[in-house]
1. Among the listed residues Ile48, Ile112, which satisfies the condition of being at pLDDT below 85 and more than 24 Å from Gly21 (Cβ to Cβ)?
2. Take Lys27 and decide whether it is surrounded by 11 or more Cβ atoms within 10 Å (Cβ to Cβ), charged (D, E, K, R) and over 30 Å from Lys120 (Cα atoms).
3. Looking at Asn31, Asn12, which one is closer than 30 Å to Lys119 by Cβ, of a type outside the set (D, E, K, R) and assigned to a helix (DSSP H, G or I)?
4. Name the single residue, out of those in segment 39-51 being in contact (Cβ under 8 Å) with a residue 40 or more places away in the chain and in a helix (DSSP H, G or I), that is nearest to Glu77 (Cα to Cα).
5. If you take just the helices (runs of 4 or more DSSP H) that sit entirely in segment 165-237, which of them hold at least 1 residues that are among the basic types (Lys, Arg)?
6. Of the residues Ser222, Ser206, Ser173, Ser156, only one is at pLDDT 85 or above and over 24 Å from Thr139 (Cβ atoms); which?
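The values are calculated or read from the model by the stated rules, or taken from the named source; none is laboratory data. Computed from a prediction, not measured in an experiment: that's the story for all the values here. Cβ: placed from backbone, ideal geometry, glycine included. Neighbour counts: every protein chain shown.
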Amino acid sequence: MKKKITKNGKFNESINYALEGIVTAIKTERNMRIHIFAGILVVILSLIFGVTGSDLKSLSFAVTLVFLAELLNTAIEATVDISTTRYHPLAKKAKDVAAGAVLIASLNALVIGYIIFSKKLKKDTFETFRLLKSSYIDTVLLVIFIVVVGVFIIKSYYKKGKLLHGGMPSGHSAVAFGLWVGVSYATENIVVTILTFGIALLVAQSRIEGRIHTPIEVMAGSVLGTFVTYILLKLIF
């Protein structure tokens, strides 16, 4: 007995074929996977920055347009490849134009994303700087933490010594001179500046006398702590 095909059956098959096409494009096309990753990143950023309303609609449309262009590009490339195995100017033209459509859609998405996220980023950055300026102690602690991270990165590069024991550069010296700049910047008092500078020198000297660091390592740490702290405080304040 011949099986009766209903309209719903045809509709379901169409959906299945469409889903198979999307899955095939994701599996076989590297650019499609990149677009998927970028789309997920946009969703995450939208949640972080609290994008709502018309901005979210614009982002959704831009991302969908990129996916659509990439799917059509994949379909056109497959059609051209199956129709001819030899080089033909028209085949090249079809592929180039399809790739151009993807490029235009991607640039459009980048422009929309920049317009939306730059507004959010500027607003959040302004709020962050306002909070940092309102609490100088917290700001100095944050800057010293950045100095310590810088020391760790450099030590990892040279692969010598531990975070605050031996190796290039001296972590203790970097922290000591970073605190000297931070305290001096806060007090603007010449006596306090001289005293804290003396303490920083004593810390640096102890690293050399204890044979934990060489003079060059101590000098590198001192310069790192001084300039990183000064530059960051200048940028914030």
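1. Details: Ile112 fails: at pLDDT below 85.
Sole residue among the options that is at pLDDT below 85 and more than 24 Å from Gly21 (Cβ to Cβ): Ile48.
2. Working: surrounded by 11 or more Cβ atoms within 10 Å (Cβ to Cβ): no; charged (D, E, K, R): yes; over 30 Å from Lys120 (Cα atoms): yes.
It is false that Lys27 is surrounded by 11 or more Cβ atoms within 10 Å (Cβ to Cβ), charged (D, E, K, R) and over 30 Å from Lys120 (Cα atoms).
3. Numbers: Asn12 fails: closer than 30 Å to Lys119 by Cβ.
From the options Asn31, Asn12, the qualifying one is Asn31.
4. Step one: list which residues in segment 39-51 are in contact (Cβ under 8 Å) with a residue 40 or more places away in the chain, which gives 42, 45, 49-51.
From the residues that got through so far, the ones that are in a helix (DSSP H, G or I) too are 42, 45, 49.
On the way: Val42: 28, Leu45: 32, Phe49: 38 Å.
Among residues in segment 39-51 that are in contact (Cβ under 8 Å) with a residue 40 or more places away in the chain and in a helix (DSSP H, G or I), the one nearest to Glu77 (Cα to Cα) is Val42.
5. Working: elements: 171-187, 190-209, 215-236.
Counting at least 1 such residues, we get 190-209, 215-236.
6. Of Ser222, Ser206, Ser173, Ser156, the one residue that is at pLDDT 85 or above and over 24 Å from Thr139 (Cβ atoms) is Ser206.
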